[in-house]
Structures are given as structure tokens and as C-alpha cells.
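Structure record follows, encoded as C-alpha cells.
Quick note: the coordinates plus some simple rules give every number you see, no bench work behind them. Small disclaimer: the values here were computed from a predicted structure and weren't measured.
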Amino acid sequence: MNDYFNMNTPDTYTSKDKNIIIKNWQNLDEAQKQTLLKIWKILTYKWQFQILLNTPFLVYWLLDKQIDSVHQFNLNLLTKLNLPDWLLSIIGFAN
């Protein structure tokens with residue numbers, strides 16, 4: 001009962017004989033390990049793909065925030081598009 005109330009310390013996660021993740025991984029059979037590895041590869045692939053898709057928008061947003069001429073171009077473009085005021089306020093360009 002006393003072990004249940006012990007708090008995890010940084011040593012719990014760094015020491016190999018106490019590490020919860022390593023202990024649980026070693027207790028799995030090969031089929032379970034292979035399944036978990038496949039799931040991990042799918043998740044990390046999707047994360048990489050999502051980052052890849054969002055990178056151009058992040059770069060454009062940073063350019064808009066850092067360079068005044070890019071921001072001014074965006075403002076001019078938005079005014080020429082004649083968008084409604086409610087939409088301009090949603091994207092942060094309302095007067």
C-alpha cells in the first residue's frame with residue numbers, strides 16, 4: 001500500500017531498472033510490440049505530413065507579421081476583394 005502513494009521522481013523516468021515504459025515494453029510479446037510500432041509509425045507519419053502541409057502558411061504568416069510591405073500588400077488585396085466587414089473582423093483586418 002505504501003508503494004501506491006510514492007510520487008514519481010525524475011529518477012523513475014531515467015533509471016532503466018525503474019523506468020515504467022521500459023518495464024512495460026519488455027513485458028510485451030513480439031506481436032504486441034510490432035503492432036505498437038506500426039501504430040507509432042502511422043502517427044508520426046501523419047504528424048510529419050501535417051507539419052509539411054502547414055509550413056507554407058506558417059512562413060507566409062511570419063512574413064506578414066515581420067515585413068511591413070507584405071502586410072501592406074495583404075491589406076491592399078483584402079480591400080480590393082471587397083469582403084464584408086464581419087469577415088474582415090474574423091481574420092483580424094477590421095478598422
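With a Cα cut-off of under 27 Å and a minimum spacing of 8 residues unless on different chains, the lysine pairs in the stretch 15-90 number 13.
Apply the a/c threshold of 1.5 to the C-alpha gyration tensor of the stretch 15-90 and tell me whether it is rounded, prolate or oblate. Cα axes put the stretch 15-90 in the prolate bin.
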